[in-house]
Amino acid sequence: MCMMMEEEELEFAEDLEAILHLTPEVQLAIEQVFPSQDPLDRADFNAVEYINTLFPTEQSLANIDDVVNKIRLKIRRLDDNIRTVVRGQTNVGQDGRQALAEAQVAIGQLFGKIKDIKDKAEKSEQMVKEITRDIKQLDHAKRHLTTSITTLNHLHMLAGGVDSLEAMTRKRQYGEVANLLQGVVNVLEHFHKYMGIPQIRQLSERVKAAQSELGTQILADFEEAFPAQGSKRAGGPSNVLRDACLVANVLDPRIKQEIIKKFIRQHLSEYMVLFQENQDVAWLDKIDRRYAWIKRQLVDYEEKYGRMFPEEWCMTERIAVEFCHITRTELAKVMRTRAKEIEVKLLLFAIQRTTNFEGLLAKRFSGCTLTDGPGVKKPEPPLESTNPFLEGEVGDDGSEMEEDLDRPKKHKAPDNPFHGIISKCFEPHLYVYIESQDKNLGEMIDRFVSDFRAQGPPRVGTEDGGAVLPSCADLFVYYKKCMVQCSQLSTGEPMIALTTIFQKYLREYAWKILSGNLPKTSSNSGGLTIKSLLQEKEGSEAAKFNVEELCLICSILSTAEYCLATTQQLEEKLKEKVDKTLVERINLTGEMDTFSNVISNSIQLLVQDLDAACDPALTAMSKMPWQSVEHVGDQSPYVTSVIMHIKQNVPIIRENLASTRKYFTQFCIKFTNSFIPKFINHLFRCKPISMVGAEQLLLDTHSLKTVLLDLPSIGSQVVRKAPASYTKIVVKGMTRAEMILKVVMAPHEPTVVFVDNYIKLLADGNPETFQKTLDMKGLKRSEQSSMLELFRQRLPAPPSGADGGPSLSFSTPTPEQENSRIRKLEKLIKKRL
């Protein structure tokens, strides 16, 4: 029975849950409208969990009756609330229908009122239109009447003005005509749209006729006042002509240009006669007279005619500009006729006087007339000049060039609009100047060569030792002078020709002065013998080059370095001076490469000299009986000899290359790269070697390594840290020599251990090197063959894709590993000592 009741309750609960199941959207809306914290209101309410919450323990069941009573009370309240709500909703439908009916009635009344308002608005609008129609008609009438009155006034003014204009023209009353004509022209502009009316068109034609008549009449007046060439002046400046100029401003611009043209031609007619091509004063040596004449004429014009022409006509400037064009044409003609008589000094004199005159014109005039005159073409403006060569005078020592190149750029001066207006005619004849510079530079190079031979190399102990050769500064000072002169003459093809000359003599200077004076190595030079090395007679033999020759090499190197840097700057300044279209043709890369080769050859000579001085010592090392050495002593005599030569040469080279520190560092690096491989090759020739002999060689190697690390500052009172790149080369090379000797010192039994140690220490997969090491140990060929076979077997496999070969690439030991090896070597040496 109980089971049946439980089943019925479960079915009832399931049916109730199915009926009350709400969608998540509805449930979310309910929660937003009626927020509640009561667990009974949750959508996921679980009765079991709720009961467990109320009665978490068995002891809590003691108050079960109170809980049940509270729930029943809550249920009763909910039933009351539901009953009240249901009863309250019984009359809602009837009330809603009544409210809807009332709303419909109100909408109908509102619609009727809106229609009435719209009808009234339309009637009001129609009434306003009828009221304003007459006002608009009155406005149009007023506007048309005003326009008609204005037009009639303009017509009256135009008719009266034309009559007055014709009368004043006949009486030559130019002062009144100037003002009246401008007004008539302005009034006539208002009648452009009325030109279809015959009376208006007739007035317009009368105005044009009056203008034409004024133009002809004014030209005739000027022709009468200033007659043609060969006639004596009948008139001169007058108020009539001054007023006529004011009228010409209003007339066709061609009238003004014709007046200006005839006046200037008449004013310069005397100049054309005085300086004809067949006259003696027309030649370049008397070019000053041309400019003196125009200066007098301009002063005379200002006094006599300055007030006759309007100021905006710029007549003084126009006269000067026309004079420049005539002068350029005449000078070009006379120079073509007498081209064989042109000399450099004469040409430069004429150019200097001409450029001075052009500068004077730039100070006096603005250049505003260079573009608006008939047949006048404005000369091309010069390129922006940022060349510091133009900022100061040249010092005797040529230092100005360096200072100018390094100082900040100044603000550029305003361009000269008259630049080249006359001096352009000299450009076709600048080949004379270029040929002269070619000849002068050739003589300068020959003088440098003879002076060098006469004075000899730089003396030791003087400031000349290792310094830049004075001839280098003289050469670039002369280059500066030539550049300034040529840039003032032209920025076109002559600059390209001058650049070619510069290139030619830069190469000759590099070949004849620098490379040509480098000391030559001689096979019969004094060298060190093995006997002298073994006797440890320090200083008994000198290096292949003496001190003077070393100073000369350093001086040539410093000079080449100066020439390299200055040539690069010279190229930049030439590109700034030349026309933009010709910039690509300025290229001094070949000359800079030539000086770079001189630097490389000088460094190589210094390296070869010191290297050759150390060769006898290394030869003596390879011929010493290392197998019979019985005890380890101080460093060997050959080491002392090498150190002696290093201490003799390096301080001299460092002192003479103090101004070019980077090239001294290159010398040290190149010498180390040459000496260490040679030392290792001679080390392989030392065979056989006993254990004690290997220890002695290890001590000698450490001594050489110490000297090489101190090579950049050896013999110097100021100790500087050697560059990291140099130190790395020395440590890597000499550590290899130390590792070879450590392999030689190691026992060759067991063979596998010996081979593995060799591969680990030397990281060299070349069988030839391994065989040389075995030769140093004094092993027989039979023993060597088996060890070589084992060596090939124990070599690590090459990486995939690598070319197969006898030598393999091993990872370079880290600095920590090298330092560890150095410390082990030092401990070994101390132990043996």
| Complete set of residues in region 482-530 that are part of a loop (DSSP other than H, G, I, E, B) and modelled with pLDDT of 85 or more | L518, P519
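Per-residue answers, yes or no, for (1) surrounded by fewer than 18 Cβ atoms within 10 Å (Cβ to Cβ); (2) charged (D, E, K, R); (3) in the same structural domain as A467 (by the TED database):
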{"position": "L605", "(1), (2), (3)": "no, no, no"}
{"position": "D609", "(1), (2), (3)": "no, yes, no"}
{"position": "T619", "(1), (2), (3)": "yes, no, no"}
{"position": "S636", "(1), (2), (3)": "no, no, no"}
{"position": "P651", "(1), (2), (3)": "yes, no, no"}
{"position": "R654", "(1), (2), (3)": "no, yes, no"}
{"position": "A658", "(1), (2), (3)": "yes, no, no"}
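Quick check on A473: is it open to solvent by 30 Å² or more (accessible area, probe 1.4 Å) and at pLDDT 85 or above?
Numbers: open to solvent by 30 Å² or more (accessible area, probe 1.4 Å): no; at pLDDT 85 or above: yes.
No; evaluated as a whole, the condition is false for this residue.
Residues checked against (1) in a helix (DSSP H, G or I); (2) aromatic (F, W, Y); (3) within 23 Å of L697 (Cβ to Cβ):
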| site | (1), (2), (3) |
| --- | --- |
| A613 | yes, no, yes |
| S622 | yes, no, yes |
| H631 | no, no, yes |
| T640 | yes, no, yes |
| Q648 | yes, no, no |
| R654 | yes, no, no |
| Q666 | yes, no, no |
| F671 | yes, yes, yes |
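Looking only at residues that are within 52 Å of the chain's Cα centre (by Cα) and surrounded by fewer than 17 Cβ atoms within 10 Å (Cβ to Cβ) in region 531-546, which one is modelled with the lowest pLDDT?
Keep residues of region 531-546 that are within 52 Å of the chain's Cα centre (by Cα), which gives 542-546.
Now restrict to residues that are surrounded by fewer than 17 Cβ atoms within 10 Å (Cβ to Cβ): 542, 546.
Working: A542: 40, N546: 85.
Among those residues, the one meeting the criterion is A542.
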| request: Within region 53-80, track down each residue that is open to solvent by 90 Å² or more (accessible area, probe 1.4 Å) and within 19 Å of Q37 (Cα to Cα). | output: T53, K70, R77, L78
| note | Within region 290-307, the residues that are free of Cβ contacts under 8 Å to residues at least 24 places away in the same chain and under 13 Å from E330 (Cβ atoms) are W293
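I need the full set of residues from region 481-500 which are within 30 Å of S659 (Cα to Cα) and surrounded by 21 or more Cβ atoms within 10 Å (Cβ to Cβ), in order please.
Scanning region 481-500 gives M483, T499.
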| task | Answer yes if at least one residue in region 672-691 is open to solvent by 10 Å² or more (accessible area, probe 1.4 Å), aromatic (F, W, Y) and within 24 Å of L779 (Cα to Cα), and no otherwise. | result | yes
| So R336, is it open to solvent by 70 Å² or more (accessible area, probe 1.4 Å), modelled with pLDDT of 80 or more and part of a helix (DSSP H, G or I) | yes
| message | For the structure I just gave you, tell me whether V719 is outside any helix (DSSP H, G or I), of a type in the set (V, I, T) and open to solvent by 10 Å² or more (accessible area, probe 1.4 Å). | response | yes
| Odd one out for K728, checked against (1) crowded, with 18+ Cβ neighbours inside 10 Å; (2) modelled with pLDDT of 90 or more | (1)
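The values are calculated or read from the model by the stated rules, or taken from the named source; none is laboratory data. Please read all numbers here as calculations on a predicted model, not as lab measurements. FYI the Cβ positions are ideal-geometry reconstructions off the backbone, even for glycines, and counts take in every protein chain you see. Protein only, heavy atoms only, side chains kept; ligands, DNA and RNA dropped before computing areas. Shrake-Rupley method; radii C 1.70, N 1.55, O 1.52, S 1.80 Å.
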